[in-house]
Amino acid sequence: MLQRAGDLVTDNPNVQWQALSAAGIFGREGQREAAIGSLERLYNVTGDPELKENIAHKLDLLNEERREETTSALLKRHDEAFSRIWQHDLPFVSRAGMLVLGPPTDALQCAGERTVQRGCARSWADWWLTDSAR
């Protein structure tokens, strides 16, 4: 109800300030996307510059949290994919050794290729970018 009250354009700025608590409730309940959506809608309907600044700050924090979580998940998936290949192909080689050797490639498929394509990565960075790790 608090979120809906904030969504409605009103002449009473206190209602919009109180609507900020809806985003806080969403956040405590683990619904970050709902909190972000609530704040974005409130930002768009309010005319109060102080409230806009407050909302922008909260949005920055939530979006940074989202980016960190996404980056962390991406790094974890990349590491898991690397470990699967390492343990499958060359388990007797050290992790550092596997990093030096580079990703597996199909020499026949990659012969003459000048562009990096799936299965023809020349480095682990290329391997990840060509979607081989996913």
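Assorted remarks:
- Between Glu64 and Trp17, the modelled labels are 2.5 nm apart [label points 7 Å from Cα along Cα→Cβ].
- 3J(HN,Hα) couplings calculated from phi for the stretch 14-28 with the Karplus curve 6.51 cos²θ - 1.76 cosθ + 1.60 (θ = phi - 60°) are, in sequence order, 5, 4, 5, 5, 5, 5, 4, 5, 4, 5, x, 5, 4, x, 5 Hz; Gly and Pro show x.
- Net charge in the neighbourhood of Phe26 (other residues with Cβ under 9 Å of its Cβ; Lys, Arg +1, Asp, Glu -1) is 0.
- Distance (nanometres) between label positions extended 7 Å along Cα→Cβ at Thr105 and Arg122: 0.7 nm
- Backbone N within the stretch 19-37 under 12 Å of label point (7 Å from Asn44 Cα along the Cβ vector): 37
- For the stretch 52-68, Karplus couplings with θ = phi - 60° (6.51, -1.76, 1.60), whole Hz, Gly/Pro x: 4, 5, 4, 5, 4, 4, 4, 5, 4, 5, 5, 5, 5, 4, 4, 4, 4
Taken together, the values in this text are just the output of simple stated rules run on the coordinates, not laboratory data. Worth saying up front: this structure is predicted, and the values here are computed from it rather than measured. With ideal geometry, Cβ positions are generated from the backbone for all residues, glycine too; neighbour counts draw on all protein chains shown.
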